[in-house]
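What follows draws every value from the coordinates through simple rules; no lab data is involved. Values in this document were obtained by computation on a predicted structure and should not be read as measured data. Heads up, the Cβs are rebuilt from the backbone with ideal geometry, glycines too, and the neighbour counts pull from every protein chain shown.
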Number of protein chains: 2
Amino acid sequence: MTILIAADFSAAEWAAWWPALESALPGETLVRDPPDRTGVDIALVANPPRGALAGLPRLTLIQSLWAGVDRLLADPSVPADVPLARMVDPVLSQAMAQTALWAVLSLHRGFFDYARQQAHSEWRQLAQRQAAEVSVGVLGLGEMGRAVAAALLAGGYRVSGWSNRPVPLDGVRCTSGHDGLATVVRDAEIVVNLLPLTDTTRGLLDRRLFETMRAGSSLVNLGRGAHVVDADLLAALDARHLRRAVLDVFEVEPLPVSHAFWSHPGVTLLPHVAALTDPRSAAQVVARNVRALRTGEPLAFRVDRRRGY
Amino acid sequence: MTILIAADFSAAEWAAWWPALESALPGETLVRDPPDRTGVDIALVANPPRGALAGLPRLTLIQSLWAGVDRLLADPSVPADVPLARMVDPVLSQAMAQTALWAVLSLHRGFFDYARQQAHSEWRQLAQRQAAEVSVGVLGLGEMGRAVAAALLAGGYRVSGWSNRPVPLDGVRCTSGHDGLATVVRDAEIVVNLLPLTDTTRGLLDRRLFETMRAGSSLVNLGRGAHVVDADLLAALDARHLRRAVLDVFEVEPLPVSHAFWSHPGVTLLPHVAALTDPRSAAQVVARNVRALRTGEPLAFRVDRRRGY
């Protein structure tokens, strides 16, 4: 089969992805700029330029190389009748769990505060509490959210979760629906967002939600930038209602240098690195779906376009 | 029994410790400044002023409220013939494991680098590796070291360990002796020190050891300040042979404002907070040893003075 790779990769990323995909897909034809677009069977996509998937009459699978597909779904030139699969990879979930655990440990144990103290040559010990006394609310219990909840549970934290549909998770108090969100957010000292970006979750982290959060609580956003109303978050931080925000994702990326997040003392900023796809393991996930297509088995992690993930 | 508490506690610490000890030791007489020193049976100590344990003829147990007893053993006025027990508390080991895991995650995932990038409004994604590709060497496999090794293993890291005597630990490649130290340190990308401070470990982290460490590796010192030869560490950082040092303990504490560690770009500095004793759980450990004394059972975690821990 002819497999188009449509991605905004840097040279270094191409150098990692191309051999990983070649070795995982022996016998398939990989192309970047196909001379004949009518022969393309599968598109592997990572932030493709708009229109990159138009005019591919034989296309039978669009496989995202990233976990989130909100950008793809927002592009009207992406054919709506071709099956679309997102990237679900244990390596990716593990990286996300590491980042969430790091952020929660840093908030719980005051490590961000100690960094500020060091900058002022200040020696001061803060009170120390046990993980079991710290409640963390995880918004979104998909692959990523469940991996994060499991890592936090293993770390001894009290974990509650909120998702669109009820998810049974050992040791995690799970809720769904509008009232469930308020309960989770009100009880949590740290809220970790891992929701997919959909019409219903866009702008969910707004003034009203921040007001529902406990005074002195913190937000960790590992979902999408558009989940957050930036001005509302800055106001909640300035009012000291929220203690800190750890932000990995932003509505515009790279985050413009002029944005207030960069220098806000209450913001810890990461350049969208909470979980980068690992080409080696992701290529195996791609290969499984290519095989499924050949053998007529069901595709793994097919996106429900109405639901949005 | 009459139990003397000899500690350099702040008012806030006294306010936490006194009720915790009172409630764990019902029926015992707790004193801070005993009118009659001859009646003291047990001393609970936390950085006691020199001489605080002299002239206590009835003393039958010295119970440290901290894990490390190197300061006590260095005080010649502490009676050498009275049994001495150190504090071993799962809550304390848990806190230490959290700090070690946080430091390792921060080094592995570049979170210290991202903090520096944020300070310069720089958006740059660093390469991401899996935990299984990162080797961590743990020096010291006592209560703390074993808890740290377990947490790192659970996080997916490759863990090796070094201790005075061989310790069998599932999943951890353990060595001992002089050659073992060189092996562990040479193989590790991150070295975490949790050794007790003894005559043989004082100054162990010196130029020779840093030269044995891999180029680009990092040191996490959660043991004692006197394990490290500060000038040698600064030289290794300045030469960029070591990438970073995360330091929680120092030869003089609080660390003097004039010390080069405070502002060194390669140093992350914590004010001796890797694991603070939790009065509530520690009081239970104390109570168990007081009961053992009453019933004639063996004391838990009795210090071998010749060994030094």
#### Entry: Angstrom value of the Kirkwood radius, inverse mean 1/r, which spans all Cα pairs in the protein assembly as shown
26.8
### Query
For the pair A:GLN284 and A:VAL82, what calculated FRET efficiency results from E = 1/(1 + (r/R0)^6), where r is the Cβ-Cβ distance and R0 = 22 Å, to the nearest 0.05?
0.50
### Query
What fraction, in whole percent, of alpha-carbon pairs in region A:18-123 exceed 18 Å separation?
64
### Query
Hey, what angle do you get for helix B:177-187 against the long axis of chain B, alpha-carbon based, 0 to 90 degrees rounded to 10?
40
### Query
Shortest first and in nm to one decimal, what separations exist between A:GLY51 and its copies in the other chains, measuring from label points 7 Å along the Cα-to-beta-carbon line?
8.8
### Query
So what is the relative contact order of chain A, in percent, for Cα pairs below 8 Å that sit 6 or more residues apart?
17
### Message
Let me check I've understood the local charge: for B:ARG207, count other residues with C-beta under 12 angstrom from its C-beta, Lys and Arg +1, Asp and Glu -1. What total comes out?
### Response
-3
### Surrounding net charge for B:ALA239, when Lys and Arg each add one and Asp and Glu each subtract one, Cβ distance under 14 Å
+2
### Query
How big is the convex hull of the Cα atoms of region A:176-278, per residue, in Å³?
103
### Message
I need two numbers for region A:93-175: Rg to one decimal and Dmax as a whole number, Cα atoms only, in Å.
### Response
14.7, 49
### Task
Quantify how strongly other chains surround peptide A:257-269 by giving the mean number of their Cβ atoms within 10 Å of each of its Cβ atoms.
2
### Task
Mind jotting down the three principal axis lengths of region A:129-221 based on Cα atoms? Whole angstrom, largest first.
35, 29, 20
### More than 13 Å apart - percent of Cα-Cα pairs taken over region B:52-110
69
### Summary
Compactness summary of chain B: radius of gyration and Dmax from Cα atoms, Å, are 20.9, 67
### Query
What are the label-to-label distances in nm, one decimal and shortest first, from A:THR295 to the same spot in the other copies, with labels 7 Å along Cα to Cβ?
6.1
### Query
Modelled label-to-label distance, B:ALA235 and B:ASP170, 7 Å Cα→beta-carbon offset: nm?
4.4
